[in-house]
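Below is one structure, written out as structure tokens; the observations come after it.
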Amino acid sequence: MNLVDRVQAILLKPKDTWAVIVGEGGDVPSIYKNYLVYLAAIPAVATFIGLSLVGAGAFGVSFRVPILTGLVNMVVGFVLSLAMIYVLSLIANSLAPTFKGEKNALNAFKLVAYGSTAGLVGGVFNLLPALSMLGVLTALYSIYLIYTGIPVLMKAPEDKALGYTAVLIVCG
């Protein structure tokens with residue numbers, strides 16, 4: 001499944017897509033290489049453009065981040081996004097037995113990587129700093145995606161999925 005199809009599937013039909021994802025092979029480096037590096041670039045590049053080229057303003061005052069500072073911010077944001085997804089997957093894997101799920105490092109990584117799709121794609125709103133708060137709404141949809149993926153990927157009972165999701169988000 002190509003990148004655009006996977007993004008559409010996880011955003012529009014998450015429950016069906018989780019069933020497909022659990023059956024797929026793969027490994028952490030291939031998910032990074034074929035999926036996450038592209039999605040993590042969206043908020044990083046959009047933030048650079050929004051803050052350094054477009055600028056933010058209110059009440060007649062305009063502000064732009066210097067280009068070099070914006071580039072450094074873009075690279076750091078990109079790398080931290082990728083690192084945080086991995087760290088959160090380690091936490092998700094560690095929490096699995098607590099919520100009567102099965103530990104599986106690859107499935108935990110798939111859960112967090114594909115579950116973060118909405119928040120990463122929503123980073124496009126950073127192109128216009130005035131719209132960047134809409135990115136928060138997309139991040140909330142990512143929480144829902146993780147919630148729907150926990151019973152499928154981590155084999156936790158459905159009644160434990162809400163608590164599992166809440167603890168995972170607090171840890172994140």
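The values are calculated or read from the model by the stated rules, or taken from the named source; none is laboratory data. This one's a predicted model, so the numbers in the text were calculated from it and none came from an experiment. With ideal geometry, Cβ positions are generated from the backbone for all residues, glycine too; neighbour counts draw on all protein chains shown. For accessibility, only protein heavy atoms count, side chains too; no ligands or nucleic acids. Shrake-Rupley method; radii C 1.70, N 1.55, O 1.52, S 1.80 Å.
Numbers below:
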| item | result |
| --- | --- |
| Residue count for region 83-92, restricted to those that are open to solvent by 10 Å² or more (accessible area, probe 1.4 Å) and in contact (Cβ under 8 Å) with a residue 40 or more places away in the chain | 5 |
| Any hit, region 143-154, residues being of a type outside the set (S, T, N, Q), closer than 25 Å to residue 1 by Cβ and not in a helix (DSSP H, G or I) | yes |
| In region 4-30, residue farthest from residue 121 (Cα to Cα) [restricted to those that are open to solvent by less than 50 Å² (accessible area, probe 1.4 Å) and without any contact (Cβ under 8 Å) to a residue 24 or more places away in the chain] | 30 |
| Selection count where residues are among the small types (Gly, Ala, Ser), surrounded by 12 or more Cβ atoms within 10 Å (Cβ to Cβ) and out of contact with any strand residue (DSSP E or B) (no Cβ under 7 Å at 6 or more places or on another chain), scope region 31-61 | 6 |
| Residue check for residue 112: free of Cβ contacts under 8 Å to residues at least 60 places away in the same chain and in a loop (DSSP other than H, G, I, E, B) | no |
